[in-house]
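Written out below as structure tokens is the structure these notes cover.
The values are calculated or read from the model by the stated rules, or taken from the named source; none is laboratory data. Model, not experiment: these values are computed from the prediction. Here Cβ is always computed from backbone atoms with ideal geometry, including for glycine, and neighbour counts include all displayed protein chains.
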Amino acid sequence: MNLLQVAWWNVRALRRRLFGLVAMVAVAGAVCLSAIGIASAAQGSTTRQVGESTANRSITVDSPADRPDTAQLTQATEKRLAGIPHVQSVQHRLQVSMPVRDNPEGADLLYATTYRAALAPPVVKSVRDKLFPLHRGEVVFPASTHGVDLSSMVGRTVTVDAHRYVRPGVGGTVSTRVKVVGLYDPSWQLDGPDTAYADDGSVVAWAAAAAGRTTADYLRTSGWNQLTVVADSSARVPQVLAAVQRMDYPAVTLQQQLQALPGVLTLVRLTGRVLLGVLAVLAFAGAVTVTGALGRQRAQEVGILKAVGFRGRSVTAMLVAEMAIAGAVAAAAGTVLAVGVSGAAAAGLRRIGDVAPYVRDAVPLPGAPTLIALSAATVLVVAAGAVLPARRAARMSPTEAMKDW
């Protein structure tokens, strides 16, 4: 008779006694699979959304004000930086003061800044769905500044009085009518507080007027306040950064700051692995306890088997096979239970605004190879825990085993 067949019959007959072990391993396995699955899904989403985001591939190059031997951030410099290997684009920033004459809300001084797609401000209100790029004469204000609420400004046209240089000690104003087409979250201050985003042409014209130059001459000699170099992949950022710095330009990257978010998800994944270790200990201890108890309770059965010719090795194999089958049932039940647990956990996490973008899968579970490996490991651990108690039971002589018959 096949030992596996006998073991399966015994498991079915002893299912009530094995229920505690199966339930414990199944629940622990479901929790582990859910934790690992959610962490893996979130980590993958983070890699896609954050790791390769434009911001994470950006290098900020500041104007070399304290380096007279280094060329300013002119259009020529912009072309040189764009020629560095693995550079996807170079985006410029220029900032100039922008007094607002007829602002009914009272915020009369903002700083006009060119828009950079790599560091787009979070828009909270606008006159159209796709706000950027801005058209000539359009501006985007912060939603509030200096405690003043600017929410009523959207759609209004105001007058900007930019400074105009005439000669030393003499200046004037350049009055321009601009339309407020949107508001952004004022906590976004990568370009400084009180920033108003405007179209490139208007900002360059105001900056050139303040310097007393034409726009073409201004871009050729003074240039931009800052450039943002975007690498073609996050892995190329260090290489591009080094190339920019070799050109003697002060440059930094946002990559190090964004690496904190994946670190949180790594902690969640580590927690799942710790739980996996706890599962292994519980499964091993449970198998030792249950097999030992069953071996003592089934002493007469062991005695009969040995009396009819079963060797101790065969009895040991049968008892271990029974625990392995119980472990397989527990692993299967744990996988099914993990579907419900991970689905419910993901649904709850998607209600948290900051977390929702990183938990998109309805049922975030590890891939098939991981599921198979964890299930096989569960069976092996449970079977390993049964070896010593099974050998102890199999060593009993038929006379000793049946003395209380």
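What to note about this one:
- Sole exception among (1) at pLDDT 90 or above; (2) touching a helix residue (DSSP H, G or I) at 6+ places or on another chain (Cβ under 6 Å) for Asp199, by number: (2)
- The test for being modelled with pLDDT under 90, among the acidic types (Asp, Glu) and within 30 Å of Ala198 (Cβ to Cβ) holds for Asp102.
- Taken together, Leu374, Leu337, Leu365 contain a single residue that is assigned by TED's automatic domain parsing to the domain that holds Phe19, farther than 19 Å from Ala285 by Cβ and modelled with pLDDT of 75 or more, which is Leu337.
- Scanning the range 160-186 for residues that are assigned to a strand (DSSP E or B), surrounded by 13 or more Cβ atoms within 10 Å (Cβ to Cβ) and at pLDDT 90 or above turns up Thr176, Val178, Lys179, Val180, Val181, Gly182, Leu183, Tyr184.
- Long-range neighbours under 8 Å by Cβ, at least six apart or interchain, first residue touching a residue at least 12 places away in the same chain (Cβ under 8 Å) within the range 62-74, second surrounded by fewer than 14 Cβ atoms within 10 Å (Cβ to Cβ) and outside any loop (DSSP other than H, G, I, E, B): Gln72/Thr221; Thr74/Thr221
- Test: residue in the range 135-142 that is assigned to a loop (DSSP other than H, G, I, E, B), assigned by TED's automatic domain parsing to the domain that holds Thr195, at negative phi and not small (Gly, Ala, Ser): yes
- Leu219 meets the stated requirement of being of a type in the set (A, V, I, L, M, F, W, C), in a helix (DSSP H, G or I) and either touching a Gly at 6+ places or on another chain (Cβ under 8 Å) or modelled with pLDDT of 90 or more (or both).
- None of Asp200, Asp232, Asp194 is surrounded by fewer than 22 Cβ atoms within 10 Å (Cβ to Cβ) and over 23 Å from Val139 (Cα atoms) except Asp232.
- So Val174, is it more than 36 Å from the chain's Cα centre (by Cα) and of a type outside the set (S, T, N, Q): yes
- Scanning the range 132-167 for residues that are among the hydrophobic types (A, V, I, L, M, F, W, C) and over 19 Å from Arg101 (Cβ atoms) yields a count of 4.
- Residues satisfying the stated conditions in the range 143-159, i.e. surrounded by 16 or more Cβ atoms within 10 Å (Cβ to Cβ) and part of a loop (DSSP other than H, G, I, E, B): Ala143, Leu150, Val154, Arg156
- Contacts under 7 angstrom Cβ, first residue in the range 118-131 being touching a residue at least 24 places away in the same chain (Cβ under 8 Å), partner in a loop (DSSP other than H, G, I, E, B) and among the hydroxyl-bearing types (Ser, Thr, Tyr), 6 or more apart: Ala118/Thr54
- Candidates Thr159, Thr173, filtered to the one that is free of Cβ contacts under 8 Å to residues at least 24 places away in the same chain and among the β-branched types (Val, Ile, Thr): Thr173
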